[in-house]
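Here's the structure, in structure tokens; my notes come after.
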Amino acid sequence: MGATSFAGPPGEAGIGAPDYLFPGQAPSAPVVRAQGKPVPQAHVVQRLSRWPFVFEVGLTATGIFLAGFMLMHMSLLSTVLSGKPTMNALARFLERYYLLHAAVPFLVAAFVILIVTALRKVPGNVREQRSIWRATSGMGHLDTWTWYIQIFTALAVAVMASMHLWVILNNLPIGANKSGARVFQSYLWFYVPFVIFIEAHISVGLYRIAVKWHLIPRKYAHKVLMLWTVGFVGLGAAILAVFYRIGGSL
């Protein structure tokens, strides 16, 4: 009697693990069971834990949307593998109906929502950063390091994607010769790490979503992640190689 107990474990890893390491389970509020003090009603605890679930749904939905957009974007760029006329015809079609301009507001909105929902998981002070570092190092499990990969690649992608959009939107319309000249002259060493950071962020993000929402068993998720990584990086490398060759021939 008089001791403090908890309504549930604070994290998926067990007692003492930071909750922002394991976003799949909302943190449970402590329930004090002492003499003379009432226990909070269940509906109160449920109402308090509703917003973390909403944030998780928003983060998952925007993450899947942006991953789908990147897959579509890479597919459109891959038309250059069939030759410059194919890519130029597609670019003229997008320009004629202002499809690229129409997509920008949705991308910006999804990007903002993703940042807002993801920032709630980032430790806000040194004490929390030390806590998550000790927990991650102590567990010795590879999946716990995916959180650090997400944070690092998110910062890199945010900066580089903003620069990429600025360059593209200020140099319309898109064309194979323009893209090739840009890659050949000065942007090759910008796009190489850009592709790697995007692939790492998307791959780890989709892996965490699949495991968190039990979409794919963990033992199969690793294999799917590897196939996605090889395919995405291979396609990106092939596209950059063709653009570099086009730029060098101008």
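Is it the case that PHE232 is in contact with a Gly (Cβ under 8 Å, 6 or more places away or on another chain), of a type in the set (Phe, Trp, Tyr), assigned to a helix (DSSP H, G or I) and within 20 Å of PHE194 (Cβ to Cβ)?
No; evaluated as a whole, the condition is false for this residue.
Restricting to the stretch 72-102, count the residues that are of a type in the set (A, V, I, L, M, F, W, C), closer than 25 Å to ILE196 by Cβ and in contact (Cβ under 8 Å) with a residue 12 or more places away in the chain.
Matching residues across the stretch 72-102 total 7.
Determine which member of the set ILE246, ILE209, ILE202 is touching a Lys or Arg at 6+ places or on another chain (Cβ under 8 Å) and at pLDDT 85 or above.
Of the residues listed, the single one that is touching a Lys or Arg at 6+ places or on another chain (Cβ under 8 Å) and at pLDDT 85 or above is ILE246.
Determine whether ALA109 is closer than 21 Å to PRO52 by Cα, surrounded by fewer than 15 Cβ atoms within 10 Å (Cβ to Cβ) and at pLDDT 85 or above.
Yes; evaluated as a whole, the condition is true for this residue.
Condition first: surrounded by 17 or more Cβ atoms within 10 Å (Cβ to Cβ) and either β-branched (Val, Ile, Thr) or at pLDDT 95 or above (or both). Now tell me which residues in the stretch 230-239 satisfy that.
ILE239
If you go through the stretch 114-130 one residue at a time, do you hit one that is at pLDDT 85 or above, closer than 21 Å to TRP166 by Cβ, touching a helix residue (DSSP H, G or I) at 6+ places or on another chain (Cβ under 6 Å) and surrounded by 13 or more Cβ atoms within 10 Å (Cβ to Cβ)?
The answer is no; no qualifying residue exists.
Restricting attention to the stretch 166-217, and to residues there that are touching a residue at least 24 places away in the same chain (Cβ under 8 Å) and among the basic types (Lys, Arg), which single residue is surrounded by the most Cβ atoms within 10 Å (Cβ to Cβ)?
Here the answer is ARG208.
The values are calculated or read from the model by the stated rules, or taken from the named source; none is laboratory data. None of the values given here were measured: they were computed from a predicted structure. Because the Cβ atoms are built from the backbone with ideal geometry, glycine has one as well, and the counts that use them run over all protein chains shown.
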